[in-house]
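The values are calculated or read from the model by the stated rules, or taken from the named source; none is laboratory data. Just so we're clear, the structure is a prediction, and the values are computed from it rather than from any experiment. So basically every Cβ, Gly included, is an ideal-geometry build from the backbone, and we count neighbours across all protein chains shown.
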Amino acid sequence: MSLGLIPQEIIEQVKDRTDILDVVSGYVTLSKAGQNFKGLCPFHSEKTPSFMVSPSRQIFHCFGCGTGGNAFTFVMKMEGTSFPETIRELARKAGIAVPEAAPGFRPAQDTGNREKLETLNEAAQAWFMHNLTQAEAGRDARLYLKERGMFEDTLEAFGFGYAPESWDGLLKHLLKNGYTLPDLLAGGLITTKDGAGRNPKDASGYYDKFRARVMFPIRDLRKKVIGFGGRILGEGMPKYLNSPETPLFSKGRALYLLEKAREAAGKTDTVIIVEGYFDAIALHQAGITNVVATLGTALTPDHIRTIRRYVTKVVLLFDPDEAGVRAALRTLDLFVDSGLGVKVVSLPSGDDPDTFIRNQGTEVFAQMQEKAPSLLDFAVEHSLKRAGSTVIEDRIRSVDEILRILQKTSNRLEKEECTKRVAERLGVNQQRLIERYPELRPREMRQARRDAPVSVPSAGARFKGTPEERDLVHLLLQGQLLPAEVRRLEAETFSMPACKLIVEIALRTLDEGRVSVRATLDEALADVACATVATELSMLDQPYDDVRQHVTDCLGRLERKKLEGALGRLITQLRVAEQEGRTDEAQRLNDEVNALRLQKSGRATVSSAPSA
Ligand SMILES: [Zn+2]
């Protein structure tokens with residue numbers, strides 16, 4: 001992994017100031033599970049969450065597809081950015097200044113030249129659109145859009161484009177038209193090749209960020225293109241890719257199609273929020289035009305502030321699956337004090353807005369909106385359904401989360417009204433809930449731990465090594481091995497290369513009698529071959545009755561295995577020596593074999609005693 005020209009101390013600063021939970025929450029809806037958080041994996045398709053994030057270790061791991069790493073690798077995988085780009089983006093978010101890559105190399109973003117970026121984006125947009133109209137080059141993309149139910153005139157009205165698979169089509173086109181590499185970098189249209197020289201004059205160090213994708217221009221209210229979204233054509237990751245943060249574009253602020261939705265939203269005093277480009281366009285082309293979409297992130301306070309300028313009513317249209325429901329519930333916190341009336345429309349399972357509108361028509365959709373529950377009712381109903389209990393205490397506990405959120409409302413009236421409604425739903429006296437409020441917060445921690453739907457990943461679901469290696473590296477990465485125990489580890493007794501490497505790193509960082517789990521994990525994560533084993537074993541939640549005894553047993557087994565290996569090799573040598581009549585050597589080997597056998601049987605009986 002190339003560190004480019006960013007100084008190590010800056011990378012460390014960025015690491016310190018970046019929280020993996022913040023980073024991942026921008027893409028994945030997470031819920032608490034014990035000490036960790038879990039959600040649906042963004043790297044493979046799944047129905048039940050096997051993607052885990054550990055705030056204490058600052059890592060993530062998916063027990064479904066085996067992907068794992070830290071905040072840096074997460075962003076790199078999600079955004080398709082290089083390591084230096086990722087550091088720069090996270091540094092910008094954390095407010096850390098990163099020195100320029102080379103003397104005289106100043107991306108336009110630093111000059112604040114928004115206008116220049118706008119014309120650059122328009123040029124890129126024109127090129128993407130042109131590609132889509134090409135009989136040959138644009139055929140697959142047009143076919144795909146047709147399959148997604150996009151009408152012919154929708155393609156032009158929404159500015160659909162196509163980024164071909166070539167690595168430098170856009171790069172060459174824009175350079176030819178007078179733009180510079182720093183311009184293209186600032187606009188987030190190209191990516192730095194890992195390990196390349198980063199010479200701002202040498203285009204071979206860069207390549208197009210968007211390749212083999214159907215392109216959506218993202219516009220601001222002045223209808224200027226501020227960024228792009230791209231949907232991969234065919235298989236590939238990430239499925240959706242957005243422009244990185246630029247002086248013009250921020251995912252946490254932009255709402256897709258707001259420029260088209262604003263007028264209708266104002267008239268109806270309602271904005272409908274969906275989760276994807278295609279969902280938004282499908283509704284627009286069906287004539288429902290007060291629709292916007294978030295850009296692969298959860299709603300943010302910035303989004304809410306924007307929405308509040310135009311409407312007082314919001315309709316959330318989420319997928320009916322678990323991820324969609326959780327995404328809806330997560331917004332409760334954001335909306336509770338916003339003054340916005342929020343309803344939740346859930347489409348029938350298996351339907352997306354596109355198919356639903358086409359099959360049922362806009363009239364049915366309007367009725368659904370009319371009858372949709374408020375976000376609060378939706379949340380309470382959902383929690384109660386999940387609790388499925390008739391015991392009052394259980395029912396109250398199942399909505400604890402909601403009550404905790406309600407507690408934050410500064411609006412007294414709203415708070416009272418909501419409490420009343422929740423009490424009704426629960427079938428309890430309102431007073432009983434109010435009395436309970438003060439004790440909600442201190443109970444929160446215990447409650448969360450006890451009630452978390454803990455789905456402990458099965459031990460080493462994908463781990464290929466022996467149980468001894470797994471448990472020892474697991475305990476090592478959890479900081480549960482004593483220095484004396486770490487010293488007894490021998491890298492060569494581990495069969496998996498990744499485990500060998502982790503043990504080597506640990507022994508190297510074993511400084512002043514203390515194992516630095518953080519340093520070991522950091523170094524292991526930087527190694528591609530090691531990273532996923534390291535995250536998997538760090539995140540394993542495997543209890544041991546007696547850790548010390550278990551460690552001793554594992555170490556004993558590894559040491560015995562090592563002795564057996566040595567014994568086997570000696571015996572082979574002994575046989576060869578005997579066959580070839582080298583009696584002196586045979587005698588010496590025979591003595592060694594006997595000594596080893598003695599040592600082995602001794603080990604077997606005293607294996608639980610610590611050895612030097
Ligand atoms: Zn996965």
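Some points to look at:
- Test: residue in region 393-408 that is without any contact (Cβ under 8 Å) to a residue 24 or more places away in the chain, surrounded by fewer than 20 Cβ atoms within 10 Å (Cβ to Cβ) and within 29 Å of MET150 (Cβ to Cβ): no
- Within region 48-65, if we keep just the residues that are near the ligand (Cβ under 7 Å from one of its atoms) and farther than 23 Å from PRO320 by Cβ, the residue that is surrounded by the most Cβ atoms within 10 Å (Cβ to Cβ) turns out to be CYS62.
- Wholly enclosed helices (runs of 4 or more DSSP H) of region 105-184 bearing at least 1 residues farther than 20 Å from TYR207 by Cα and out of contact with any Pro (no Cβ under 6 Å at 6 or more places or on another chain): 114-133, 139-147, 152-157
- Considering residues of region 15-47 that are of a type in the set (Val, Ile, Thr) and modelled with pLDDT under 90 only, the residue farthest from the ligand (Cβ to nearest atom): THR18
- Condition broken by ILE10, with the remaining ones in (1) at pLDDT 85 or above; (2) under 14 Å from the mean Cα position of the chain (by Cα) satisfied: (2)
- Output for region 272-312, where each listed residue is touching a strand residue (DSSP E or B) at 6+ places or on another chain (Cβ under 6 Å) and among the aromatic types (Phe, Trp, Tyr): TYR277
- The residues in region 66-84 that are within 16 Å of the ligand (Cβ to nearest atom) and of a type in the set (Phe, Trp, Tyr) can be counted, and the count is 1.
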